1. Which of the peptides 255-264, 217-226 is most tightly packed, and how do the rest follow, judged by the mean count of other Cβ atoms within 10 Å per residue?
2. Can you run the Rg to Rh ratio on region 33-192? Use alpha carbon positions and the Kirkwood inverse-distance Rh.
3. Which of the GluC sites (Glu not before Pro) across region 265-316 are loop residues per DSSP, with 13 or fewer other Cβ within 10 Å?
4. Based on the Cα gyration tensor of region 118-197, what are the three equivalent ellipsoid semi-axes, each the root of five times an eigenvalue, rounded to whole Å and given largest first?
5. Using all alpha carbons of region 1-126, what is the percent of pairwise distances in each 10 Å bin, ordered from the shortest bin to the longest?
6. To the nearest Å, what is the center-to-center distance of region 213-241 and region 122-185, using C-alpha atoms only?
7. Residue by residue through region 159-165, what is 3J(HN,Hα) from phi via Karplus (6.51 cos²θ - 1.76 cosθ + 1.60, θ = phi - 60°)? Round to whole Hz and write x for glycine and proline.
8. So how do 84-90, 188-194 stack up, highest first, on mean other-Cβ count within 10 Å?
Amino acid sequence: MIITRTPLRISFLGGGTDYPAWYREHPGAVLATTIDKYCYISCRRLPPFFKYKSRIVYSKTELINQLEEIEHPSVKGCLKFLNIHDGLEIHHDADLPARTGLGSSSAFTVGLLHALYALKGKMISKEQLCRDAIKVERHIIQENVGSQDQTLTSHGGFNHICFSGENTIEISPIILPSSRLKELHSHLMIIFTSFSRIASHIVVEQLQNISKKIKELQTMYEMVQEGINILNNQRDITDFGHLLHESWKLKKSLSSNISTPLIDEIYTVARKEGVIGGKLLGAGAGGFLLLFAKPEHHSQIKDKLAPLLHVPFEFESKGSQIIFYSPA
């Protein structure tokens, strides 16, 4: 039995510039962090005593005899990528719902690849884990995905990640005094909008519009460095919230699918209660809303947005880990 634990992530700035359709021609970057909410994957070889060869358990249970019968795209893609045809039992559990803007799809792929490599007796680097997950999602599953989620969930931590060329990814950890990191964290909230979406579908229009949105994406790219400067230079932390607000306005302009009237209404109500800035996490159209407000306003914001769920979180720094290893 192998069990992996892979963190989810929140992205502050630069989302949209991590798609190869953008960064093959222009530099891309994100400022983002992983959090202490996880995707858990358990994997073991299944003895040949059942009417089925493999059992795959997530929001549904698949009992299959051939790889091609598998419905879950990431499971099928990972097994194809590693050329695994043995009988397996794979279980997925998570702290938060899938398809909610926290990188859960990539966390699943990263965690499953990590488990399958370990089952084969191979301990791979975080860099290879990241790159393999990108290959599975982009080339085997053929989803419209960027490169930040696989990078973050593999490596973990609060990072400045730069993208360029065919697939050059450079990771620079954000090093801040603990007091400054706590100050940032104390201003953050994530609120569940109560509905999910498939990111790969949402982003289609955004990718089609890239050639028309060069100025906006270039500005979003530059905002990443501005965010880092705010954090590093001991400027008023609320400047970071104002930057999030400006970035969110730009992101909404990239595609008609990124926001909805309901999401706009939630954000407007939150702003009236003290929210300085914020954004939908992930591709948009649903999932979790990141809000930035002074700590003394958090209680009234939660009350006003009830019954929407507020989810407390902490930053995490370890990335995908094998937390149980017994391959026999």
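Derivation of every value follows stated rules applied to the coordinates shown; laboratory data play no part. All figures in this text were calculated on a predicted structure; none of them were measured in a lab. Positions of Cβ are generated from backbone atoms using ideal geometry, with glycine treated the same way; all protein chains shown enter the neighbour counts.
1. On the way: 255-264: 15.7, 217-226: 19.0.
Output ranking for 255-264, 217-226: 217-226, 255-264.
2. Working: Rg = 17.3 Å, Rh = 17.1 Å.
My calculation of the ratio gives 1.01.
3. On the way: sites: Glu265, Glu273, Glu296, Glu314, Glu316; in loops: Glu273, Glu314.
Hits after loop and neighbour filter: Glu314.
4. On the way: eigenvalues 145, 72, 42 Å².
The three semi-axes for region 118-197 are 27, 19, 15 Å.
5. Reading the bins upward from 0: 12, 38, 31, 15, 3, 0.
6. That distance is 19 Å.
7. Once rounded to whole Hz, the list reads 9, 9, 10, 10, 10, 7, x.
8. Details: 84-90: 16.7, 188-194: 20.9.
Top to bottom by mean Cβ count within 10 Å: 188-194, 84-90.
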